[in-house]
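The values are calculated or read from the model by the stated rules, or taken from the named source; none is laboratory data. Quantities reported herein were computed from a predicted structural model and do not represent experimental measurements. Glycine gets a Cβ as well: all are built from the backbone with ideal geometry, and neighbour counts include every protein chain shown.
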């Protein structure tokens with residue numbers, strides 16, 4: 001059982017972090033950040049998978065490097081870049097490398113990234129990917145042998161299967177229906193898109209009470225007022241309320257980060273009674289993770 | 001030419017499960033060359049549905065089900081309008097465009113009787129906003145008669161992704177989110193239970209046309225180079 005699974009099963013409020021692999025092979029800085037600021041402070045660290053369709057070092061290799069350093073990874077898998085052969089194979093790859101936590105994500109469209117002419121695959125969707133994981137755990141795969149019988153695996157993997165949801169989407173009902181499908185397909189934990197309004201999140205949590213699955217609220221650290229406005233304009237399903245933008249705009253010019261930390265910590269504090277954990281996305285500001293957690297008073 | 005293949009009858013019966021009255025509409029425009037199911041196919045489906053405990057209305061044949069105005073004008077006749085109003089589900093014998101046009105014109109849950117494999121350069125005789133990708137594995141019975149393969153940028157089969165934004169797609173503010181359209185349609189039809197159904201990953205091996213078709217005169221007429229070899 002992964003430490004993440006253990007922590008959530010124990011009922012402790014569980015915090016996860018996130019790192020993004022570099023564009024290139026210079027993996028030193030991101031690993032150092034993880035060792036210094038995340039190790040010991042968060043239970044597991046998500047590694048993004050070719051985030052926003054911008055080509056970069058892969059999630060699987062960085063997850064492996066984290067395992068080597070005693071940091072538990074959450075292997076993010078998007079459906080955009082691999083067909084069902086490669087997805088299932090990479091799940092086996094993860095398993096033999098000692099990676100148990102896997103997060104199934106649809107993935108931003110190739111048109112959002114820096115290789116706009118690339119083929120968007122989506123052979124499986126996030127629900128199909130979770131089903132594939134469940135199948136592999138049973139020692140089978142999605143294919144058939146020459147006689148039409150299900151294939152049998154020689155050695156089967158074990159996963160702690162995660163998925164995502166957008167609690168603050170304008171139309172939340174389709175999000176919830178899809179979440180129900182993900183849980184039915186085997187999802188065992190949920191990490192959410194960024195939430196900035198505890199009231200909206202509380203309403204969402206009431207609507208998903210029937211799903212007996214731990215939910216980690218997504219906290220994306222707001223680095224400044226400009227970023228907050230940008231998110232409101234361009235990031236689907238994310239709404240930063242005006243008072244937070246004003247708070248950031250009024251921050252001392254030489255120390256905006258202190259306000260960013262305060263807001264992130266306060267959001268966790270306000271929502272920790274509503275859910276089972278928090279997923280902290282600092283976008284490179286991992287050095288503030290200890291301060292945010294102190295502010296959250298966990 | 002349009003090439004379709006009949007769905008297995010069990011699949012059709014399963015698609016309309018729980019719908020008491022099923023109206024059968026068949027396209028009269030293309031069946032000759034395209035075999036979109038003539039009278040024989042429609043009456044075979046009719047028997048199977050009666051056998052499964054449904055009340056069957058029709059079959060009604062309309063030339064070119066891809067033409068919404070034609071559908072509406074033909075079905076405006078009182079005795080036909082009566083049948084339409086009573087139907088819980090419309091089983092459609094046509095290519096994927098016809099199924100979608102019927103769904104949009106009648107605002108009824110539809111079920112495709114066929115899998116569309118090839119549109120052969122045609123996008124329906126009277127193309128509208130509907131699009132069919134001829135994927136060969138039609139799931140319009142579960143999506144309110146709006147095709148997610150054609151209308152979702154990612155061709156997802158189990159609902160909207162996190163990129164849906166105020167009803168638009170993440171790739172462009174000009175592009176509708178296909179799954180949002182499906183959600184709205186199903187909600188309007190009172191059939192959100194269809195959205196909840198799990199759809200298995202697509203069978204991409206069905207996308208290409210079968211070898212048997214390549215040997216037919218119809219294919220030969222459209223591909224003269226192949227025919228002359």
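Name every residue in the range A:29-40 that is buried (at least 16 other Cβ atoms within 10 Å of the Cβ) and touching a residue at least 60 places away in the same chain (Cβ under 8 Å), in order of residue number.
Scanning the range A:29-40 gives A:33, A:34, A:37, A:38.
Looking only at the range A:97-129, count every residue that is buried (at least 24 other Cβ atoms within 10 Å of the Cβ), free of Cβ contacts under 8 Å to residues at least 60 places away in the same chain and more than 10 Å from every other protein chain (Cβ to nearest Cβ) and tell me the total.
1
Kindly indicate whether residue B:84 is in contact (Cβ under 8 Å) with a residue 60 or more places away in the chain, in contact with a helix residue (DSSP H, G or I) (Cβ under 7 Å, 6 or more places away or on another chain) and under 20 Å from residue B:127 (Cβ atoms). Before the answer, list the steps.
Values: in contact (Cβ under 8 Å) with a residue 60 or more places away in the chain: yes; in contact with a helix residue (DSSP H, G or I) (Cβ under 7 Å, 6 or more places away or on another chain): yes; under 20 Å from residue B:127 (Cβ atoms): no.
Here the answer is no, as residue B:84 does not meet what is asked.
Taking the range B:157-167, which residues are under 24 Å from the mean Cα position of the chain (by Cα) and either over 15 Å from residue A:125 (Cα atoms) or more than 7 Å from chain A (Cβ to nearest Cβ) (or both)?
B:167 - this is the single residue of the range B:157-167 that is under 24 Å from the mean Cα position of the chain (by Cα) and either over 15 Å from residue A:125 (Cα atoms) or more than 7 Å from chain A (Cβ to nearest Cβ) (or both).
Is it true that residue A:94 is modelled with pLDDT under 95 and either farther than 21 Å from residue B:199 by Cβ or within 11 Å of chain B (Cβ to nearest Cβ) (or both)?
No, not satisfied.
Report every pair of residues separated by at least 6 positions or lying on different chains whose Cβ atoms are under 6 Å apart, first residue within the range B:195-209 and more than 7 Å from chain A (Cβ to nearest Cβ), second part of a helix (DSSP H, G or I).
Qualifying pairs under 6 Å: B:197/B:142.
Determine which member of the set A:148, A:143, A:155 is modelled with pLDDT under 95 and away from chain B (no Cβ under 11 Å).
After ruling out the rest, the residue left standing is A:148.
Which members of the range B:81-108 meet the condition of being in contact with a strand residue (DSSP E or B) (Cβ under 6 Å, 6 or more places away or on another chain) and not in a strand (DSSP E or B)?
B:83, B:86, B:87, B:88, B:94, B:95, B:96, B:98, B:99, B:102, B:103, B:108
I need the full set of residues from the range B:7-41 which are modelled with pLDDT under 90 and either surrounded by 17 or more Cβ atoms within 10 Å (Cβ to Cβ) or under 17 Å from residue B:83 (Cα atoms) (or both), in order please.
Within the range B:7-41, B:28, B:29, B:30, B:31, B:34, B:35, B:36, B:37, B:41 qualify.
So which helices (runs of 4 or more DSSP H) stay within the range B:115-218 end to end and still have 2 or more residues that are modelled with pLDDT under 95 and surrounded by fewer than 22 Cβ atoms within 10 Å (Cβ to Cβ)?
On the way: elements: B:148-151, B:178-189, B:192-196, B:211-214.
It comes to B:211-214.
Looking at the range A:13-28 only, could you name the residues that are touching a residue at least 12 places away in the same chain (Cβ under 8 Å) and not in a loop (DSSP other than H, G, I, E, B)?
Residues of the range A:13-28 touching a residue at least 12 places away in the same chain (Cβ under 8 Å): A:13-25, A:27.
Answer for the range A:13-28, where residues must be touching a residue at least 12 places away in the same chain (Cβ under 8 Å) and not in a loop (DSSP other than H, G, I, E, B): A:14, A:15, A:16, A:17, A:18, A:19.
Return the residues of the range A:262-294 that are under 30 Å from residue A:27 (Cβ atoms), without any contact (Cβ under 8 Å) to a residue 40 or more places away in the chain and either surrounded by 16 or more Cβ atoms within 10 Å (Cβ to Cβ) or touching a strand residue (DSSP E or B) at 6+ places or on another chain (Cβ under 8 Å) (or both); say none if nothing qualifies.
Within the range A:262-294, A:265, A:291 meet the criteria.
Going by what's in this entry, would residue A:134 be described as out of contact with any helix residue (DSSP H, G or I) (no Cβ under 8 Å at 6 or more places or on another chain), within 22 Å of residue A:1 (Cβ to Cβ) and not in a loop (DSSP other than H, G, I, E, B)?
yes
Output yes when any residue across the range A:47-65 is assigned to a strand (DSSP E or B), under 18 Å from residue A:285 (Cα atoms) and under 17 Å from the mean Cα position of the chain (by Cα), and no when none is. Lay out the reasoning, then the answer.
Initially, the range A:47-65 is screened for residues assigned to a strand (DSSP E or B), giving A:47.
The next check asks that each one be under 18 Å from residue A:285 (Cα atoms); those that pass are A:47.
Checking which are under 17 Å from the mean Cα position of the chain (by Cα) leaves us with A:47.
Checked against the condition, which is being assigned to a strand (DSSP E or B), under 18 Å from residue A:285 (Cα atoms) and under 17 Å from the mean Cα position of the chain (by Cα), the range A:47-65 yields at least one hit.
Suppose we filter the range A:44-54 for residues that are farther than 19 Å from residue B:163 by Cα and out of contact with any helix residue (DSSP H, G or I) (no Cβ under 7 Å at 6 or more places or on another chain); how many remain?
Matching residues across the range A:44-54 total 1.
Consider residue A:45 carefully, then state whether it is at pLDDT 95 or above and more than 30 Å from residue A:140 (Cβ to Cβ).
yes
Just give me the residues in the range B:169-180 being within 9 Å of chain A (Cβ to nearest Cβ) and more than 19 Å from residue A:167 (Cβ to Cβ), in sequence order.
Result: B:169, B:171, B:172.
Conditions tested, residue by residue: (1) crowded, with 21+ Cβ neighbours inside 10 Å; (2) more than 11 Å from every other protein chain (Cβ to nearest Cβ).
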| site | (1), (2) |
| --- | --- |
| A:165 | yes, no |
| A:179 | yes, no |
| A:184 | no, no |
| A:191 | yes, yes |
| A:195 | yes, yes |
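Restricting to the range A:63-90, and then to whatever is more than 26 Å from residue A:135 (Cβ to Cβ) and in contact (Cβ under 8 Å) with a residue 24 or more places away in the chain, can you tell me which residue is surrounded by the fewest Cβ atoms within 10 Å (Cβ to Cβ)?
Selected residue: A:70.
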